[in-house]
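Worksheet: one structure, shown below.
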Amino acid sequence: MPRPSLPTRDRILKAASVLFQGMGIRAVSLDAIAEKAGLTKRSLYYHFRSKDDLIAAYLEARDEPNLILFKRWFEEAEGNLSDRIARIFHHLAAAARHPKWKGCGFLRTSVELVDRPGHPAVVVGRGHKKRVEDWLCTLLAPDQGEEDARRLARQIMLLLDGAFAVVLLHRDPSYMEAAGDAVARLIRAATSAETLPSKDLG
């Protein structure tokens with residue numbers, strides 16, 4: 001029996017995702033998305049009021065799956081907390097070795113919309129990055145306390161997003177691995193600082 005086709009909205013999102021990720025959001029027209037989805041432009045407008053709405057929906061569709069993937073990589077990793085968080089970076093380095101890898105869709109979209117900080121897709125991107133940071137914070141909080149965990153989670157995010165940018169620039173995934181190694185060192189240093197006995201200054 002033939003497999004049922006995707007609902008129309010999902011077909012549009014799938015087509016948009018392929019084109020946006022491959023070419024960037026500004027280079028892709030609604031006509032091209034409609035053609036790839038096998039629909040009329042009128043049908044596309046029935047599901048999305050504008051290209052801006054479609055760009056935001058494209059990123060919303062990536063939000064939860066990306067975070068789920070990070071969590072799965074963490075859960076499947078062996079070792080202590082620093083090893084398991086660093087393992088996420090090594091998985092990302094492996095993904096970056098694929099010839100079709102184009103970097104982080106959230107960051108690339110924010111760059112293309114740098115003159116529109118209130119764009120709904122930029123809002124979605126900020127929300128996604130904050131969700132990843134919050135998740136890292138929950139992993140770190142039992143050992144660090146809330147304030148230190150938040151500071152460390154932000155440092156990890158800086159290394160993560162910085163690595164995305166540098167890997168895309170140099171086309172060298174080893175930068176992502178180097179970022180993962182730096183993250184492991186940061187966490188180990190923070191943990192060892194917590195466990196060091198206080199010195200008697202009296």
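Structure above, values below:
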{"item": "Qualifying position, being within 21 Å of Pro65 (Cβ to Cβ) and touching a residue at least 12 places away in the same chain (Cβ under 8 Å), among Leu168, Leu140, Leu152", "result": "Leu168"}
{"item": "Test for Arg126: is it under 14 Å from the mean Cα position of the chain (by Cα), surrounded by fewer than 18 Cβ atoms within 10 Å (Cβ to Cβ) and in a helix (DSSP H, G or I)", "result": "yes"}
{"item": "Number of positions in segment 39-90 that are assigned to a helix (DSSP H, G or I), open to solvent by 60 Å² or more (accessible area, probe 1.4 Å) and not aromatic (Phe, Trp, Tyr)", "result": "13"}
{"item": "Selection within segment 91-105 - farther than 18 Å from Ala178 by Cα, in contact (Cβ under 8 Å) with a residue 24 or more places away in the chain and open to solvent by 30 Å² or more (accessible area, probe 1.4 Å)", "result": "Lys100, Lys102"}
{"item": "Among (1) of a type outside the set (Lys, Arg); (2) out of contact with any helix residue (DSSP H, G or I) (no Cβ under 8 Å at 6 or more places or on another chain); (3) within 30 Å of Thr138 (Cα to Cα); (4) assigned to a loop (DSSP other than H, G, I, E, B) - the single one Ala27 does not satisfy", "result": "(3)"}
{"item": "Residues (in contact (Cβ under 8 Å) with a residue 60 or more places away in the chain, within 14 Å of Gly127 (Cα to Cα) and of a type in the set (A, V, I, L, M)) located in segment 36-75", "result": "Ala56, Leu59, Leu67"}
{"item": "Filtered residue count, segment 16-35, keeping only those that are over 22 Å from Phe106 (Cβ atoms) and crowded, with 16+ Cβ neighbours inside 10 Å", "result": "1"}
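A quick yes/no check of all residues on (1) under 19 Å from His90 (Cβ atoms); (2) open to solvent by 100 Å² or more (accessible area, probe 1.4 Å); (3) at pLDDT 95 or above; (4) touching a His at 6+ places or on another chain (Cβ under 9 Å):
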{"position": "Leu158", "(1), (2), (3), (4)": "yes, yes, yes, no"}
{"position": "Asp161", "(1), (2), (3), (4)": "yes, no, yes, no"}
{"position": "Leu169", "(1), (2), (3), (4)": "no, yes, yes, no"}
{"position": "Asp172", "(1), (2), (3), (4)": "yes, no, yes, no"}
{"position": "Glu177", "(1), (2), (3), (4)": "yes, no, yes, yes"}
{"position": "Ala190", "(1), (2), (3), (4)": "no, no, no, no"}
{"position": "Glu194", "(1), (2), (3), (4)": "no, no, no, no"}
{"position": "Ser198", "(1), (2), (3), (4)": "no, yes, no, no"}
{"position": "Gly202", "(1), (2), (3), (4)": "no, yes, no, no"}
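The values are calculated or read from the model by the stated rules, or taken from the named source; none is laboratory data. Just so you know, these numbers come straight off a predicted model, no measurement behind them. For neighbour counting, all protein chains shown are included, and Cβ atoms are generated from backbone atoms with ideal geometry for every residue, glycine included. Accessible surface is based on the protein model in full, side chains and every heavy atom, while ligands, DNA and RNA are left aside. Shrake-Rupley method; radii C 1.70, N 1.55, O 1.52, S 1.80 Å.
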